[in-house]
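Have a look at the structure below before the remarks.
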Amino acid sequence: MRRAVSTSARNFSLLFRFRNLFVALLLAPLAASAANRDIYMYRGADRAQRLVAEAKKEGSVVLYSTMTLEDAQPLLAAFEKKYGIKVNMWRGVNQKLVQRALAEARAGKLGADAFEGSGPGLEILQQEGLLEQFWSPLFADIPVEAFPKHRYYAPDNLLFTVMGYNTKLVAPADVPKSYEDLLEPQWRGKIGIESSNVAWFASVAKSMGDEKGLAYFQKLAATGPQVRSGHTLLTELVVAGEVPIALTVYNQAVDKLKEKGAPIEWKALQPAFGRADGIAVTKTAPHPHAALLFADFVLSPEGQRIIKAASRVPVNRTVDTSFDTRIFRIIDLAALLKEWDTWENRWQSLFLQRR
């Protein structure tokens, strides 16, 4: 009888310890998230000194980013030289970055301390609960309208969708001045669009008025545009002369090639749209101080000048830029995501299923 009681007691003890371990594992991410939020939102007078000291103790920061290696290397090198903190960057296109982050998070093994990348991707990560709000004194130098309303990431550069064209193949007098001009017979089959530009498509169509906008894009689709995957590829095809006009390329890619003497120029057809790419920190970051310090650096005048040198448009108002942002509207990505499936289906029906 004693043996039975003893065995039951041992089993109960094991179950109790297992329960405590399970609860601890369940609560650990919540505790880490709360602790990180305290770090991210701290506004004390000693913030800068404490942040640097603690970040140096952590020693490194893991960054997931959509930046090209060409653009990222000067930024990372400058941060590492200034603080002696190593940046371990994993780079992927927007879709791959989001897929990796979500898969890791669902397995309880998110590796990133910080994300830097496209607004649409960051919006998805925010909706999935991976991001945490943070505060930086540098926010005072960034236009309020560039921030998402929820404040779960901060804008670090502006990226604009423009029409690019080959200056050897398109005479100055023939450059389309409006979206309607693209429907002229001379451009049939000679216009390129990038396969993932749903946000741009939805924004332009909605600004025209949904019915009128969709009618326009049906006419454009009927002209047989060339659909290519990758904005960089599409820009390079314009330079090569394979696509005389590309309707959806990024201003920075065109400007980089222009600086190298390539026969390419861009024009912003109205209505013109851009988006804010951004920097975010994660709720469960193993290196929260280093993550926040890196975000500060990216938003600082020093980091923004490096971003400007990469032909991106800086958001910090203390860094001069000749780029006229007044001719563009910033896409409200959070609002657009609520209608994303509808607009993505329309986009696929018009441009991708015709291929």
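Worth a mention:
- Residue within region 184-194 that is crowded, with 20+ Cβ neighbours inside 10 Å and touching a residue at least 60 places away in the same chain (Cβ under 8 Å) present: yes
- A Cβ distance below 6 Å, combined with a sequence gap of six or more or placement on separate chains, defines the contacts here; from region 206-232, residues that are in contact (Cβ under 8 Å) with a residue 12 or more places away in the chain reach residues that are part of a strand (DSSP E or B) and surrounded by 15 or more Cβ atoms within 10 Å (Cβ to Cβ) in the pairs Pro225/Ile191; Pro225/Ile193; Gln226/Gly192; Val227/Ile193; Arg228/Gly192; His231/Glu194; His231/Val249; His231/Tyr250.
- The single residue among Gly108, Gly117 that is surrounded by fewer than 17 Cβ atoms within 10 Å (Cβ to Cβ), out of contact with any Lys or Arg (no Cβ under 9 Å at 6 or more places or on another chain) and not polar (S, T, N, Q) turns out to be Gly108.
- Yes/no for Val170 being over 20 Å from Ala272 (Cα atoms) and out of contact with any Leu (no Cβ under 8 Å at 6 or more places or on another chain): yes
- Strands (runs of 3 or more DSSP E) within region 241-355 that include 3 or more residues in contact with a His (Cβ under 8 Å, 6 or more places away or on another chain) and of a type in the set (Phe, Trp, Tyr): none
- Of note, Phe134 does not satisfy the criterion of being assigned to a helix (DSSP H, G or I) and either closer than 30 Å to Gln49 by Cβ or of a type outside the set (Asp, Glu) (or both).
- Leu102 surrounded by 15 or more Cβ atoms within 10 Å (Cβ to Cβ), of a type outside the set (Phe, Trp, Tyr) and closer than 28 Å to Lys57 by Cβ: no
- From the list Gly121, Gly108, the lone residue that is under 13 Å from Ser65 (Cα atoms), at pLDDT below 95 and either not hydrophobic (A, V, I, L, M, F, W, C) or not in a helix (DSSP H, G or I) (or both) is Gly121.
- Given (1) at pLDDT below 95; (2) more than 26 Å from Ser349 (Cβ to Cβ), index of the condition Ala199 fails: (2)
The values are calculated or read from the model by the stated rules, or taken from the named source; none is laboratory data. Remember, predicted model here, so these are calculated numbers, not experimental data. Here Cβ is always computed from backbone atoms with ideal geometry, including for glycine, and neighbour counts include all displayed protein chains.
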